[in-house]
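Notes for the one structure printed next.
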Amino acid sequence: MAGPVADLMPFSPSIAVITPLFNGAEYIAETIASLSGQLAERDEHIVVDDGSTDDGAQQVVALAASGAAPRLRLFCQANAGEALTVNRGVAESRADIIGVVNADDPIMAGLLDAVREAFSADPTLAAVYPDWIKIDQWGSPVATIRTLDYDYAVMVAQHMCIPGPGAFFRRSMLGSEPIRDPAAVGISDFDFWLRFGLHGAKVRRLPHALAYWRAHPRGATCAFQSPALARSKIDMIDRLFARSDVPLSVRTLERQAKSAAAYHAALVGLRSPNVSALRYALASFHLMPRWPAGVLAHQRRSLPHLAYAALQPASGALHYMIGPLLPARYRRQAVLEQKFGIDDPPSR
């Protein structure tokens, strides 16, 4: 059995991929196929079915039995939610290097080799993440996303999760903390990266598109837009700064971080008319009336976005009627992507 010491040796670290599965029958076979050819002899792919009502788990069993995915293991449980499902998969794994690959997000050729090479070359490396491609529900490319180089201060102060699809990390860096916190409703991945990097973890961007993220109506990001998500953003930052081990360099970012969290909680109102967007917007300005000049352009407070969210559902209803007549930057999709009134940058 591979253990943490063996996994940290420079010649060939083993990798465990965890896939939480809940009613993902439409995409799970594609995701497994994208992984199976990249797994090395000591690697493992663990799928945890979270009480699905479709035949996704049966597809996993069939693929494993056919020999098409020889390093695939399936665990089934009563529905417990995404966070506990990921934690179950990690607990069942043997490797120290872990990646969470969602059932609807296949990876690209070369990702696992790039991950292996990065960790082999630098035993002090804590995590890596690639650029990625956004695809639609049918798998057609929509946009190539060039991620930012890792900057923990930006993540905290600007409420921006930099690592995305295709990220891998050493779980030994977290000590006894859970990989996913069930309290971080809808944003357990962001919560993880804030805890993971709190004490200066060495995290590196892989400067190539090596993963996919699928946008579709039943995906968690699209489906889970609610007052609970808005509240979760506030609570996540409150929990972070309630810790006794927050370094002084991070503690100095507290007001900015809480102001940014309130702003992004208000923006949930762009998609959910039940969010108290005006209250969150006022809280953001009360905490910090003016943000520092160094805030990234696409993370700055936008008064058009806040006004749209605060005037829901009237703004949404009016927009539904007149949106098709407007330029692209004022249509509904621009609202959903938080680009209302903003011209797209040149294609990369």
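The values are calculated or read from the model by the stated rules, or taken from the named source; none is laboratory data. In this text, all values refer to a predicted model and were calculated from it rather than measured experimentally. Using ideal geometry, Cβ is built from the backbone for each residue, glycine included, and neighbour counts are taken over all protein chains shown.
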Taking region 182-197, which residues are farther than 24 Å from Ile107 by Cα and either surrounded by fewer than 18 Cβ atoms within 10 Å (Cβ to Cβ) or without any contact (Cβ under 8 Å) to a residue 40 or more places away in the chain (or both)?
-> Pro182, Ala183
Yes/no for Thr221 being modelled with pLDDT under 90 and of a type in the set (Ser, Thr, Tyr) = yes
Only one of these conditions is not met by Ser172: (1) part of a helix (DSSP H, G or I); (2) crowded, with 17+ Cβ neighbours inside 10 Å; (3) touching a residue at least 24 places away in the same chain (Cβ under 8 Å); (4) assigned by TED's automatic domain parsing to the domain that holds Val142. Which number is it?
-> (2)
Count - residues of region 305-339 that are at pLDDT below 80, of a type outside the set (Asp, Glu) and within 25 Å of the chain's Cα centre (by Cα) = 7
In region 210-230, is there at least one residue being under 30 Å from Ala293 (Cβ atoms), part of a loop (DSSP other than H, G, I, E, B) and not hydroxyl-bearing (Ser, Thr, Tyr)?
-> no
Restrict the check to region 75-93 and report whether at least one residue is crowded, with 23+ Cβ neighbours inside 10 Å, in contact with an Asp or Glu (Cβ under 8 Å, 6 or more places away or on another chain) and more than 30 Å from Val295 (Cα to Cα).
-> yes
Residue that is modelled with pLDDT under 95 and β-branched (Val, Ile, Thr), where the choices are Val246, Val295 = Val295
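So if I check each of Asp113, Asp104, Asp122, which one is buried (at least 19 other Cβ atoms within 10 Å of the Cβ) and acidic (Asp, Glu)? Let's see the steps before the verdict.
Numbers: Asp113 fails: buried (at least 19 other Cβ atoms within 10 Å of the Cβ); Asp122 fails: buried (at least 19 other Cβ atoms within 10 Å of the Cβ).
Among Asp113, Asp104, Asp122, only Asp104 is buried (at least 19 other Cβ atoms within 10 Å of the Cβ) and acidic (Asp, Glu).
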